[in-house]
Amino acid sequence: MKTVTVNASRSYDILIENKSLHKAGKEILKRVPACTAAIVTDSIVDSLYAEALCESLRQAGFNVVKFVLHNGESSKNLAVFGQILEFFAQRQLTKTDLVVALGGGVTGDVAGFAASVYLRGIRLVQIPTTFLAAIDASVGGKTAINLAAGKNLAGTFYQPSFVLCDPATFSTLPETVFAEGVAEAIKYGVIASPKLFDKLAGGNAHCDLEDSIEQCISIKRDLVMRDEFDNGDRQLLNFGHTIGHAVEHCSGYSITHGYAVAIGMALISAAAWRLGLSETDCSGPIKACLAANHLPVSSPFTAEQLAGVALRDKKRRQDSITLVIPQKIGQCVLYKMPVSALPDFIRQGMGKEP
């Protein structure tokens, strides 16, 4: 068992323990008095893990209600968000009640957003069931839904009261879905941990999984505690994401988050080296690491298509946009560029001249 504590606008623990789902109720009760717990989960996770969680919560004295959304990015929208809020209201949840997000990043994002605005905020527990959600969406307090114009354009900063991560739930993930989490873990290695990067480059993502989760979460914890509201250092966590979100959007979300971020990291690192923005050539090692984990390194979309979407990204500030540039494996910097330069930058990442 490993515990990481986040001291932000709300202090909370992240418990990482294999086969811990059965004691979720007891662990939540240590931090939240017995009340109504509204589980939000998706159609796949519901059939796998919801009953175990319901039983654990009931045994701890919680009243349990459940909302099930359709699995996939298509549920991360205003319509489903509204349905969840109406569900909370119909079940007469009060300020002393609790939302429990059980599932992957989509569930965590939309349930967290709903918890943050219902009655101007009720308590939230995150129980991620994917490697990606465990090291990304469930930690740090970002919640969001997608709009027609782009990904994560509506949301809040809202820290949970507790996060429980049971890596045993990853055993039911297809390898393609597990690999999405590996892409996010590679990001952590590039921005802060050469040791983690080397482990993943060796194709050892399944080994010592609790340790890898703790490393990733600890890196994110430190950045969140320095910059909770994403105005400075926390933006380093966006390595590969600005272009990655554009890839997702251009594909109609048929290219999922981890694969899109992999493409974003490959393009950014290649462009940075070609333009003399990196101390060392990170592009080769990053692409090799991605390939070793069966992740993509090239985009099916043009620079113009990607730039058009990326310039609607929330990281844009008037006529500039901030990208995360690797200096060497384990160290990245924030680089502000004019929005007019972004298409040429992406072309460089594709190996094309402006």
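The values are calculated or read from the model by the stated rules, or taken from the named source; none is laboratory data. Not measured: the values here are computed from a predicted model. Neighbour counts run over all protein chains shown; Cβ positions are idealised from the backbone, glycine included. For accessibility, only protein heavy atoms count, side chains too; no ligands or nucleic acids. Shrake-Rupley method; radii C 1.70, N 1.55, O 1.52, S 1.80 Å.
Results, tabulated for the structure shown:
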{"read-out": "Residue check for Val339: at pLDDT below 95 and touching a Cys at 6+ places or on another chain (Cβ under 7 Å)", "value": "no"}
{"read-out": "Test for Val80: is it in contact with a strand residue (DSSP E or B) (Cβ under 6 Å, 6 or more places away or on another chain), under 14 Å from Thr41 (Cβ atoms) and not in a helix (DSSP H, G or I)", "value": "no"}
{"read-out": "Filter result (touching a helix residue (DSSP H, G or I) at 6+ places or on another chain (Cβ under 6 Å) and assigned to a loop (DSSP other than H, G, I, E, B)) within segment 196-219", "value": "Gly203, Ala205"}
{"read-out": "Residue that is most open to solvent (accessible area, probe 1.4 Å), among those in segment 137-163 that are more than 15 Å from the chain's Cα centre (by Cα) and more than 30 Å from Arg312 (Cα to Cα)", "value": "Ser161"}
{"read-out": "Checklist (1) surrounded by 16 or more Cβ atoms within 10 Å (Cβ to Cβ); (2) β-branched (Val, Ile, Thr); (3) within 22 Å of the chain's Cα centre (by Cα) applied to Ile346, failing item", "value": "(3)"}
{"read-out": "Options Val110, Val45, Val64: the member that is assigned to a strand (DSSP E or B) and either in contact with a Leu (Cβ under 6 Å, 6 or more places away or on another chain) or within 28 Å of Val224 (Cβ to Cβ) (or both)", "value": "Val64"}
{"read-out": "Top-ranked residue of segment 81-136 - restricted to ones that are of a type in the set (S, T, N, Q) and under 16 Å from Thr36 (Cα atoms), ranked as most open to solvent (accessible area, probe 1.4 Å)", "value": "Gln92"}
{"read-out": "Residue within segment 67-77 that is open to solvent by 10 Å² or more (accessible area, probe 1.4 Å), of a type in the set (Ser, Thr, Tyr) and out of contact with any His (no Cβ under 8 Å at 6 or more places or on another chain) present", "value": "yes"}
{"read-out": "Count of segment 313-335 residues which are modelled with pLDDT under 95, in a loop (DSSP other than H, G, I, E, B) and open to solvent by 20 Å² or more (accessible area, probe 1.4 Å)", "value": "3"}
{"read-out": "In segment 285-312, residue nearest to Ser254 (Cα to Cα) [restricted to those that are in a loop (DSSP other than H, G, I, E, B) and either open to solvent by less than 20 Å² (accessible area, probe 1.4 Å) or β-branched (Val, Ile, Thr) (or both)]", "value": "Leu295"}
{"read-out": "Selection within segment 226-243 - more than 18 Å from Thr156 (Cβ to Cβ) and among the polar types (S, T, N, Q)", "value": "Thr242"}
{"read-out": "Hits in segment 237-264 (condition: open to solvent by 30 Å² or more (accessible area, probe 1.4 Å) and assigned to a helix (DSSP H, G or I))", "value": "His249, Cys250, Tyr259"}
{"read-out": "Top-ranked residue in segment 169-211 [being among the hydroxyl-bearing types (Ser, Thr, Tyr) and surrounded by 23 or more Cβ atoms within 10 Å (Cβ to Cβ); ranked as farthest from Tyr259 (Cα to Cα)]", "value": "Thr169"}
